[in-house]
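Novice: Before anything else, here's the structure in question.
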Amino acid sequence: MPERKENMDYMEFREKISEGLKDFYGSDASVRIHKIYKNNDVAKYGVAIQFTADGEDSAVPLIYLEGLYSCYSRGILDMDGCMGEIISSREKPLKEYGGIEEMSLNIKGWGYAKNNVYPALLPARDNKKLLKGLVSTGMLDLAVIYIIRGKSEDGGFTSIKITSTLLGSYGISKEELHRQALYNARNDGYRLYGLEEAVGAMVKDEPFTEGIKETGCIAGGMMYVMTNRAMFYGTAGILDSQWMYEKTRGTSCYIIPSSIHELIFVPDNGEIGQEELDKMVLEANSSVIEDGEKLSDHCYYYDAAAGETRIRK
């Protein structure tokens, strides 16, 4: 078992990591610890190592420290082991992307972003700190933000949230960004599945967007899961009024915010009401859903006759 200093708190751990990396890299590198607000204003700390030769405007990977501190606290890694993991992670993007500067240029150029920008929904109240630097549009008690979506090594998806600075580099308006994000999302496609089949696929640890048949439209007596092809920030489908109209076919529905990635549609047939559904949402949020994945503590309502989604009191 690696030796470690007993009772080192997280702040001291971050300071020791910073000191160790500065000693390792020397004067040619700048080592900085950043506090980053993630979804729902969950604060995380990450270390960025930038070399003088990179230039001030170059992008550098941010290596989060929470997981390493957990390993250190449990005696899985000592300080040298933690720094070794950081050093290895710092070099990885350079090998995978053929130079970090190229990746940085892709993100900053509208030619690349235009085809890879998508809308995403976050709770406005719980993201006040995060939203300060992001481009966003209000929707009920939610915020529409805009992400550049990419593929990760494991076949999943990664995202970069578009800031006001990034939008400025694109030379376009927020309205144009919004229109393009919705256009890409519609081409990417939203999906509707029976809840029972979707849960069965998840129990088997299978991606239900590939393993089960998509539902044509909502009918009474069943619950449905809505997400996108990527199963990544798929709740933005409620922004697509045409898709909502086509799938509901005149059926008003309660909309349960399962997470920031999917929604559950419950046809309003008079058998279940708002209060009961809100209790279900609160229970799930407190016991199942991770803090960074929560969308809302109440359900929404789609009024088919009016063709709009609202908060039903």
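Novice: Quick one: V266 ticks every box in (1) open to solvent by less than 30 Å² (accessible area, probe 1.4 Å); (2) over 18 Å from N39 (Cβ atoms); (3) in a helix (DSSP H, G or I); (4) among the aliphatic types (A, V, I, L, M) except a single one, so which number is it?
Specialist: Among (1) open to solvent by less than 30 Å² (accessible area, probe 1.4 Å); (2) over 18 Å from N39 (Cβ atoms); (3) in a helix (DSSP H, G or I); (4) among the aliphatic types (A, V, I, L, M), the lone unmet condition for V266 is (3).
Residue by residue, here is whether (1) β-branched (V, I, T); (2) touching a Pro at 6+ places or on another chain (Cβ under 8 Å) holds:
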{"position": "A236", "(1), (2)": "no, yes"}
{"position": "L239", "(1), (2)": "no, yes"}
{"position": "W243", "(1), (2)": "no, no"}
{"position": "G270", "(1), (2)": "no, no"}
{"position": "E276", "(1), (2)": "no, no"}
{"position": "M280", "(1), (2)": "no, no"}
{"position": "C299", "(1), (2)": "no, yes"}
{"position": "A306", "(1), (2)": "no, no"}
{"position": "I311", "(1), (2)": "yes, no"}
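Novice: Among strands (runs of 3 or more DSSP E) lying entirely in the stretch 117-178, which contain 1 or more residues that are in contact with a Leu (Cβ under 9 Å, 6 or more places away or on another chain), open to solvent by 20 Å² or more (accessible area, probe 1.4 Å) and free of Cβ contacts under 8 Å to residues at least 24 places away in the same chain? Break it down into steps so the answer makes sense when it comes.
Specialist: On the way: elements: 117-123, 136-139, 142-151, 157-161.
Output list reads 136-139.
Novice: Going by what's in this entry, would Y224 be described as at positive phi and open to solvent by less than 40 Å² (accessible area, probe 1.4 Å)?
Specialist: Working: at positive phi: no; open to solvent by less than 40 Å² (accessible area, probe 1.4 Å): yes.
Spelling it out, it is not the case that Y224 is at positive phi and open to solvent by less than 40 Å² (accessible area, probe 1.4 Å).
Novice: Anything in the stretch 272-299 that is in a helix (DSSP H, G or I), open to solvent by less than 30 Å² (accessible area, probe 1.4 Å) and over 21 Å from K38 (Cα atoms)? List them, or say none.
Specialist: Taking the stretch 272-299 first, the residues in a helix (DSSP H, G or I) are 274-287, 291-293.
Keeping just the survivors that are open to solvent by less than 30 Å² (accessible area, probe 1.4 Å) gives 277, 281, 285, 292.
Matches in the stretch 272-299: L277, V281.
Novice: Please state which of the following conditions M231 fails to meet, knowing it meets all the rest: (1) assigned to a helix (DSSP H, G or I); (2) modelled with pLDDT of 70 or more; (3) within 25 Å of M139 (Cβ to Cβ); (4) open to solvent by 20 Å² or more (accessible area, probe 1.4 Å).
Specialist: (1)
Novice: On to the next question. Looking only at the stretch 65-77, count how many residues are buried (at least 16 other Cβ atoms within 10 Å of the Cβ) and either modelled with pLDDT under 75 or not in a helix (DSSP H, G or I) (or both).
Specialist: Result for the stretch 65-77: 2.
Novice: Of the numbered conditions (1) at pLDDT 85 or above; (2) surrounded by fewer than 16 Cβ atoms within 10 Å (Cβ to Cβ); (3) not in a strand (DSSP E or B), R32 satisfies every one except a single condition; which is it?
Specialist: (3)
The values are calculated or read from the model by the stated rules, or taken from the named source; none is laboratory data. Model, not experiment: these values are computed from the prediction. Because the Cβ atoms are built from the backbone with ideal geometry, glycine has one as well, and the counts that use them run over all protein chains shown. Quick note on the areas: whole protein, heavy atoms, side chains included, nothing else; ligands and nucleic acids left out. Shrake-Rupley method; radii C 1.70, N 1.55, O 1.52, S 1.80 Å.
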